[in-house]
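Step one of this worksheet: look at the structure below.
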Amino acid sequence: MVANADAAVPLLLSEVRNVLARGNLPLISFATGGTFGAFFRALATEVQQGRISTTEFIGTHLDEYIAYEPQRRGGMVHELTLRCPPLREMLARGTFLPVPCHGAEGSMRAHEERLQRAGGVKLQLLGIGRNGHIAFNEPGTPLDTRFHVTELAESTRLDARSRFVPDEPPKRAVTSGVQTILGGERLVLCAFGQAKAEAVRSMLHGDVSSACPASVLQRHPNALVLLDTEAASLLEGNAAAAGG
Ligand code: PGA
């Protein structure tokens, strides 16, 4: 357990360093969302001060709104590169692999193959929705999916609203599937704040079920969950961090 999102930053940076230390241009898959704001600021500082080099890894991410090209405001890649400008340079150099945003079957398959050719995801960062989603795998999504197009849940759209005002948040997205996420070698999920407490309880104490897609982390042999006290507040015995 960590005190807050800031306190998780050194742990997340050391996850990045661990995977970089193994060499071989590892593929790191990032998550967007407020949860990782402090981490991305810190990662940008590490790169700017020469302690981490963007030539040492390949980057990618989990999901993108339909028709949100990398430069479009509100989109995931736009958000990531705004928070962490070194990722923008990687995108320009072709070492950051954006999720194809138009939802064509062939483009999603090609993306999945590109991730495989890059050696598969070595480190996958994850947030969790208050409805238990991971990436945009909303409750009810089958657990054997790969990249696919999905309809966003109302709670997901509501939580994203502030990014899009005065426009309405998008309704559909391309997302990494549960099966693809489970293929990552190391998974690190972060959840901070009371709004995540119920989803965290279902993820860790509920059955593995599509009702709470994040519950599949129970099946992963190398997963770490970082929680603050509020997100952990509904766990039995108020257990702290859980590792698989
Ligand atoms: P958040 O989103 O980091 O903005 O809370 C997480 C998620 O919905 O997966």
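The values are calculated or read from the model by the stated rules, or taken from the named source; none is laboratory data. The shown structure was predicted, so the numbers you read here are calculated from the model rather than taken from an experiment. All Cβ positions, even for glycine, are placed from backbone atoms using ideal geometry, and neighbour counts span all protein chains on display. Side chains are part of the model used for accessible areas, which takes the heavy atoms of the whole protein and leaves out ligands, DNA and RNA. Shrake-Rupley method; radii C 1.70, N 1.55, O 1.52, S 1.80 Å.
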* Among the listed residues PRO86, PRO10, PRO26, which satisfies the condition of being closer than 25 Å to PHE192 by Cα, more than 16 Å from the chain's Cα centre (by Cα) and not polar (S, T, N, Q)? -> PRO10
* Asked: Within region 182-208, can you find the residues that are more than 12 Å from the ligand (Cβ to nearest atom) and either closer than 28 Å to ALA118 by Cα or free of Cβ contacts under 8 Å to residues at least 12 places away in the same chain (or both)?
  -> LEU182, GLY183, GLY184, GLU185, ARG186, LEU187, VAL188, GLY206, ASP207
* Spans of strands (runs of 3 or more DSSP E) in region 1-70 with at least 1 residues small (Gly, Ala, Ser) and touching a Pro at 6+ places or on another chain (Cβ under 7 Å) -> none
* Does region 56-63 contain any residue that is open to solvent by 40 Å² or more (accessible area, probe 1.4 Å), more than 16 Å from the ligand (Cβ to nearest atom), more than 22 Å from GLU168 (Cα to Cα) and of a type in the set (A, V, I, L, M, F, W, C)? -> no
* Can you tell me which residue among ALA153, ALA195, ALA191, ALA214 is open to solvent by less than 20 Å² (accessible area, probe 1.4 Å) and touching an Asp or Glu at 6+ places or on another chain (Cβ under 9 Å)? => ALA191
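Kindly indicate the residue of region 115-136 that is in a strand (DSSP E or B) and either near the ligand (Cβ under 9 Å from one of its atoms) or charged (D, E, K, R) (or both) and also surrounded by the most Cβ atoms within 10 Å (Cβ to Cβ) among those meeting that condition.
Of all residues in region 115-136, those in a strand (DSSP E or B) come to 121-126, 134.
Now narrow it down to the ones that are either near the ligand (Cβ under 9 Å from one of its atoms) or charged (D, E, K, R) (or both): 122, 126, 134.
Details: LYS122: 21, LEU126: 25, ILE134: 31.
Looking at the filtered set, the residue picked out is ILE134.
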* Asked: Do you know which of the residues in region 23-41 that are surrounded by fewer than 20 Cβ atoms within 10 Å (Cβ to Cβ) and on the phi < 0 side of the Ramachandran plot is modelled with the lowest pLDDT?
  -> GLY34
* Give region 90-114 a look and list any residue that's over 13 Å from the mean Cα position of the chain (by Cα) and within 16 Å of the ligand (Cβ to nearest atom), or say none. => none
* To do: Check ASP144, ASP159, ASP167 and return the single one that is within 11 Å of the ligand (Cβ to nearest atom) and surrounded by fewer than 20 Cβ atoms within 10 Å (Cβ to Cβ).
  => ASP159
* Which residues, taken from region 153-173, are modelled with pLDDT under 95 and aliphatic (A, V, I, L, M)? -> VAL165
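Considering only region 100-111, how many residues are crowded, with 16+ Cβ neighbours inside 10 Å and not hydrophobic (A, V, I, L, M, F, W, C)?
First, the residues of region 100-111 that are crowded, with 16+ Cβ neighbours inside 10 Å: 100-101, 103, 108, 111.
With the extra rule that they be not hydrophobic (A, V, I, L, M, F, W, C), the set shrinks to 100, 103, 111.
Total satisfying the criteria: 3.
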